[in-house]
Amino acid sequence: MEKKNLDWSNLGFGYMKTDKRYVSNYAHGAWDEGGLIDDDMIVMSEDAGVLQYSQSVFEGLKAYTTQDGHIVCFRPDLNASRMADSARRLEIPVFPEDRFVDAVVETVRGNAAWVPPYGTGASLYIRPYTFGISPVIGVKPAENYQFRIFTTPVGPYFKGGAKPIRVKISDFDRAAPRGTGNIKAGLNYAMSLHAIVTAHNEGFAENIYLDPATRTKIEETGGANIIFVDRDDNLVVCKSDSILPSITRRSLVYVAEHYLHMNVVEREVYLEEVENENFKECGLCGTAAVISPIGAINDHGKEIVLPSGMDSMGPVMQELYDTLTGIQYGRIEAPEGWIKVIE
Ligand code: PLP
Ligand code: COI
């Protein structure tokens, strides 16, 4: 199979139309058999549930070319189960989890020419999503749905790759207590758009959202969880019911404990602790972000520069990054069941 002629090492995090996408339709209470198609356009009612009441959920995962030339993806079963949780919360019928994984495999196979070669630092981003496609005018769930997957080759989420970023404490809230912050629904991201444009206009790469009830605890950013290294070299991860259960974060907790023999503490993290310089390192983690180091956090004009600084990733984040990406690119042996070989 001949690869596409792209400048793989200089890709940003953008959309590019690839050859195939997967589609399955839900009608009369059942999903059809589904399959790959060429057409990237979707025609739907002007009154579709997704258009009127934002009834949509999505996932994000990546396919990689490993050192020994296989195409693999990382823990797709966890994306399948998280998408099922998201769907249930928005009254969307669940696309069966085993079919989800099979559909990911089929879509990546159909776009194998778009999977970046090993050594370029790039990967194929996979975007599964489900949305209400039939008309609704009273506030209620749609009757018919579409499950789709597209792929797009991507490089780093933040310009500059692993360079530390500056983030701000947002004045906006992202997710209410007992709301939808713990699922991957498009509506959460719509909520964050004005906040991210505001942050970018002020020169910040991202927002840190606080817990909306007390505005004293660190939650997450618009597209990643947050991890810290404290003064005793523990990995500290934020615990909250209103953040997305990141697959990258859960994997890093395992990597820290079992590969790097670190102590991991999962707990509520107060903004005050950041201000009191309790942490040596801080980073964002997620499928798109991988690990992106945070160099400085700005709280309403007060700039808190992490001891790891603005020049490079701190040593613990670097070890976590090297081990996780080593597992994903096949340089380091993965825990049982983490790597799904596609071809
Ligand atoms: N938090 C939010 C809001 C996200 O959009 C993402 C991205 O998926 C994450 C966290 C990280 O989750 P994961 O590691 O499963 O990609
Ligand atoms: C992902 O990491 O997969 C996401 O969905 C985050 C998004 C901001 C690109």
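The values are calculated or read from the model by the stated rules, or taken from the named source; none is laboratory data. Owing to the predicted nature of the structure, the values given are computational and were not obtained by experimental measurement. Because the Cβ atoms are built from the backbone with ideal geometry, glycine has one as well, and the counts that use them run over all protein chains shown. All accessible areas refer to the heavy atoms of the entire protein, side chains included, with ligands and DNA or RNA removed. Shrake-Rupley method; radii C 1.70, N 1.55, O 1.52, S 1.80 Å.
Taking all C-alpha pairs of the range 165-326, those more than 24 Å from each other amount to 27 percent. Binning the alpha carbon pair distances of the range 66-128 at 5 angstrom intervals from zero yields the distribution 4, 16, 25, 20, 15, 10, 7, 3, 0, expressed in whole percent. For the range 223-280, list log₁₀ I(q)/I(0) at each q in 0.12, 0.14, 0.19 Å⁻¹, using the Debye formula over Cα point scatterers of equal strength and ignoring solvent, two decimals each. Calculated log10 I(q)/I(0) at the listed q: -0.27, -0.37, -0.68. State, as an integer percentage, the relative contact order of the range 8-156 based on alpha-carbon contacts under 8 Å between residues 6 or more apart. Once normalised by length, the contact order is 39 percent. The alpha-carbon of K17 sits under 19 angstrom from the alpha-carbons of these aspartates and glutamates, leaving out residues fewer than 8 places away in its chain: E2, D7, D38, D39, D40, E59, E106.
Each label was represented as a point 7 Å from its Cα along the Cα-to-Cβ direction; for T216 and R89 these points are 2.5 nm apart.
Treating cross-link reach as a plain straight distance, find the aspartates and glutamates whose alpha-carbon is under 13 Å from the alpha-carbon of K62, omitting any fewer than eight places away in the same chain. In chain and number order, the partners are D77. By the Stokes-Einstein formula, at 1.306 mPa s and 10 °C, the range 8-156 with its Kirkwood radius over alpha-carbon pairs has D equal to 100 µm²/s. Summed over the residues of the range 8-156 and divided among them, the accessible surface reaches 43 Å² per residue at a probe radius of 1.4 Å. Report, in degrees rounded to the nearest 10, the 0 to 90 angle that the Cα long axis of helix 186-201 makes with the longest principal axis of the chain. That helix lies at roughly 50 degrees to the long axis. Principal-axis analysis of the Cα atoms of the chain puts helix 247-258 at an angle of about 50° to the longest axis. Relative contact order for the chain: 20 percent, from Cα pairs under 8 Å spaced at least 6 residues apart, divided by residue count. In the context of the full set of protein chains, residues of the range 263-334 present 42 Å² of accessible surface per residue (probe radius 1.4 Å, heavy atoms only). Only alpha carbons enter this Debye calculation for the range 73-204, each as an equal point scatterer, and the log10 of I(q)/I(0) it gives at q = 0.09, 0.10, 0.11, 0.14 Å⁻¹ is -0.37, -0.46, -0.56, -0.88.
Only Cα pairs under 8 Å and 6+ residues apart enter the sum, and on that basis the relative contact order of the range 165-326 stands at 24 percent. Axis of helix 97-110 versus longest Cα principal axis of the chain: the two differ by about 90°, to the nearest ten degrees. Ligands, DNA and RNA left out, the 1.4 Å accessible surface of the range 274-323 is 46% carbon and sulfur atoms.
The three principal axes of the Cα atoms in the range 202-243 give end-to-end lengths of 32, 27, 17 Å, sorted in falling order.
Based on alpha carbons, the Rg and Dmax found for the range 275-343 are 15.5, 51 Å. Here the label points at M1 and L36, each 7 Å from Cα along the C-beta direction, are separated by 0.7 nm in the simple model. Pairs of Lys residues in the range 108-248 that lie 8 or more places apart, or on two chains, and have C-alpha atoms under 18 angstrom apart add up to 4. Three principal axis extents describe the C-alpha atoms of the chain; from largest down they are 57, 52, 36 Å.
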